[in-house]
Each structure stands twice: as C-alpha cells, then as structure tokens.
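Just below is one structure, and these are the notes that go with it.
The values are calculated or read from the model by the stated rules, or taken from the named source; none is laboratory data. Keep in mind that what you see is a predicted model, and the values were worked out from it rather than measured. For neighbour counting, all protein chains shown are included, and Cβ atoms are generated from backbone atoms with ideal geometry for every residue, glycine included. To get the accessible areas, we keep the full protein, side chains included, count just its heavy atoms, and leave off ligands, DNA and RNA. Shrake-Rupley method; radii C 1.70, N 1.55, O 1.52, S 1.80 Å.
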Amino acid sequence: DSGVTQTPKHLITATGQRVTLRCSPRSGDLSVYWYQQSLDQGLQFLIQYYNGEERAKGNILERFSAQQFPDLHSELNLSSLELGDSALYFCASSVGGGLQPQHFGDGTRLSIL
Amino acid sequence: GESVGLHLPTLSVQEGDNSIINCAYSNSASDYFIWYKQESGKGPQFIIDIRSNMDKRQGQRVTVLLNKTVKHLSLQIAATQPGDSAVYFCAGLGGSGGGADGLTFGKGTHLIIQP
C-alpha cells in the first residue's frame, strides 16, 4: 500500500460528459502528480501541483484541468470526454519535488462509451 | 527531448535465476531515475532510484546500474521469485513529456517467471 488513495476505482460515462477524479496524497507529501496510462501512449505525465500551486504541465489537454486544495488532496477534471480519453489515470505524490521518489495510487479506470 | 525506452518488451526467466532488465535514455541532462514495478490492476510501485552522480545502488535483492557514457541503466533482480512477475518501468526526471518534476516513462518490460 503506497498510502496514495484514488477514487473512484472505476468510472464509466459517455462522450461529451465531464468527470472528476480524486486523489489523497500520502501523509506529509506536498506534491501531487497526475499521469495517464493508455495502451498506445504508455504512462504520460499530465500535471503537477505543489502545496496548492501548479508547478508543471506535461501532455495535458486543454479539456483537462486539476487543482490541489488546502488539505492537499487533488482533483483532476476531464470535460467534453472523447472515446480516446478512455485510460487509467494515476495520481502520485512525493514529499516535495525534484529528485524524490513519486509514490503512485492504484488509479481510476475511465471508460468512455 | 528525452525518450526513455526499453530494449525488450518481454523477459522470461527461471525461478531462482537472476533477472536483468535494461533501459536506454536519450537526454543526457536527466539526473534522476526510478524503477517501478506494476502488477495487474495496481499502480506503479517504487522499487529503487538512482541519481546521476552514482553508478550503482543496491536494495533488497535489487541493484540498479547507471552508465552515463552510453545512457543506459539496468535493473538486476537476484534469485527471481514468482512474486516478481510484473511489468517493470524505468522512468527519468525531465524530458519531452515531463516538465519540472514530471517523470518520463519507458514502455515497460513484462517479466515472466518460469517455474
């Protein structure tokens, strides 16, 4: 158990809809990262937050956004969903940032019908 | 930019033998690497990390070797056990897919343990 909690585990929705994925980092971790894992693209970094502030962006679509709240939990919002958004979405956390291990949750499996 | 790639998609080893999983990277500015293990239905699990100022790091039954000259790292697992069956990823800090602290992942190697 990594200590990172993601909800829900599974999400099934339709094209054009909007969903919110939730992540609680490990106790004491200030950085939260979001990654997408798909069969064709592998694991890709989406976005990072550190202590409530956006720190870095990766391959995140404009339809996607995230935020980190004062209690350090984070939410990833996906809107105008397309079939190609079907994937596993992982959250990871680390104590700070930089050269430190990132610990992953067990992900949310998003299926778009 | 950086790409982190694996040489073999599948590696089959006998139980009790040592396993070696390889990874190549292209960004010579990468200064931190992590090996992860991912089992079916789970998230990537941290195994071991190494900074670019090191050549070797050992953990429990695992060793990571970093060769900066040829931009290659490897994960060695001693006395492979059935529970080691999983997909193994190398990841580097920095690169085309990551900004600041975003990791760039390789495609993964599926380690299969033969009884």
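So for segment A:87-100 (the condition being open to solvent by 10 Å² or more (accessible area, probe 1.4 Å) and of a type in the set (Ser, Thr, Tyr)), does at least one residue qualify?
The answer is no, given that none of the residues of segment A:87-100 is open to solvent by 10 Å² or more (accessible area, probe 1.4 Å) and of a type in the set (Ser, Thr, Tyr).
For B:SER96, all conditions in the list (1) open to solvent by less than 60 Å² (accessible area, probe 1.4 Å); (2) modelled with pLDDT under 95 hold save one; what is the number of the exception?
(1)
Specify the residue that is nearest to the other protein chains (Cβ to nearest Cβ); the eligible residues are those in segment B:41-57 that are without any contact (Cβ under 8 Å) to a residue 40 or more places away in the chain and assigned to a loop (DSSP other than H, G, I, E, B).
This residue is B:GLY43.
Pick from segment A:2-27 the residues that are closer than 21 Å to B:ILE47 by Cβ and not hydroxyl-bearing (Ser, Thr, Tyr): which of them is farthest from the other protein chains (Cβ to nearest Cβ)?
The extreme case among them is A:PRO25.
Contact list please: Cβ distance under 8 Å, first residue in segment A:39-50 and open to solvent by 50 Å² or more (accessible area, probe 1.4 Å), second residue outside any strand (DSSP E or B), pairs at least six apart or on different chains.
Sorted first by the residue in segment A:39-50, then by its partner, the pairs are A:TYR50/A:LEU30; A:TYR50/A:GLY96; A:TYR50/A:GLY97.
Run B:THR104 past the list (1) open to solvent by less than 20 Å² (accessible area, probe 1.4 Å); (2) among the β-branched types (Val, Ile, Thr); (3) away from chain A (no Cβ under 14 Å) and report the number of the one that doesn't hold.
It is condition (3) that B:THR104 fails.
Let me confirm something: among B:ILE77, B:ILE48, which residue is among the β-branched types (Val, Ile, Thr) and crowded, with 20+ Cβ neighbours inside 10 Å?
Working: B:ILE48 fails: crowded, with 20+ Cβ neighbours inside 10 Å.
Exactly one of B:ILE77, B:ILE48 is among the β-branched types (Val, Ile, Thr) and crowded, with 20+ Cβ neighbours inside 10 Å, namely B:ILE77.
Within segment A:63-108, count every residue that is outside any strand (DSSP E or B) and within 13 Å of another protein chain (Cβ to nearest Cβ). So that I can check it myself, show each step before the final result.
Kept after step one, since they are outside any strand (DSSP E or B), are these residues of segment A:63-108: A:63, A:69-73, A:79-86, A:95-102, A:105-107.
Keeping just the survivors that are within 13 Å of another protein chain (Cβ to nearest Cβ) gives A:95-102, A:105-107.
Qualifying residue count, segment A:63-108: 11.
Taking into account only those residues within segment A:16-37 that are among the small types (Gly, Ala, Ser) and assigned to a strand (DSSP E or B), which is surrounded by the fewest Cβ atoms within 10 Å (Cβ to Cβ)? Write out each step before concluding.
Initial filter on segment A:16-37 (among the small types (Gly, Ala, Ser)): A:16, A:24, A:27-28, A:31.
Going one step further and asking which of them are assigned to a strand (DSSP E or B), we end up with A:24, A:31.
On the way: A:SER24: 19, A:SER31: 25.
This residue is A:SER24.
Go through segment A:51-84 and report how many residues are aromatic (Phe, Trp, Tyr) and open to solvent by 20 Å² or more (accessible area, probe 1.4 Å).
Step one: list which residues in segment A:51-84 are aromatic (Phe, Trp, Tyr), which gives A:64, A:69.
This time we only want the ones that are open to solvent by 20 Å² or more (accessible area, probe 1.4 Å), so: A:69.
So the count comes out to 1.
Quick one: would you say B:ALA91 is within 14 Å of chain A (Cβ to nearest Cβ), touching a residue at least 60 places away in the same chain (Cβ under 8 Å) and closer than 22 Å to A:ALA87 by Cα?
Details: within 14 Å of chain A (Cβ to nearest Cβ): yes; touching a residue at least 60 places away in the same chain (Cβ under 8 Å): yes; closer than 22 Å to A:ALA87 by Cα: yes.
When the stated conditions are applied, B:ALA91 passes them.
Here are the criteria: (1) assigned to a loop (DSSP other than H, G, I, E, B); (2) more than 8 Å from chain B (Cβ to nearest Cβ); (3) under 14 Å from the mean Cα position of the chain (by Cα). Tell me which single one A:ASP40 does not satisfy.
(3)
Go through (1) surrounded by fewer than 16 Cβ atoms within 10 Å (Cβ to Cβ); (2) at the interface with chain A (Cβ under 10 Å from one of its Cβ atoms) and name the single condition B:TYR32 misses.
In the conditions (1) surrounded by fewer than 16 Cβ atoms within 10 Å (Cβ to Cβ); (2) at the interface with chain A (Cβ under 10 Å from one of its Cβ atoms), B:TYR32 misses (1) alone.
Mind checking which residues of segment B:6-23 are at pLDDT below 95 and open to solvent by less than 30 Å² (accessible area, probe 1.4 Å)?
Within segment B:6-23, B:CYS23 is the sole residue that qualifies.
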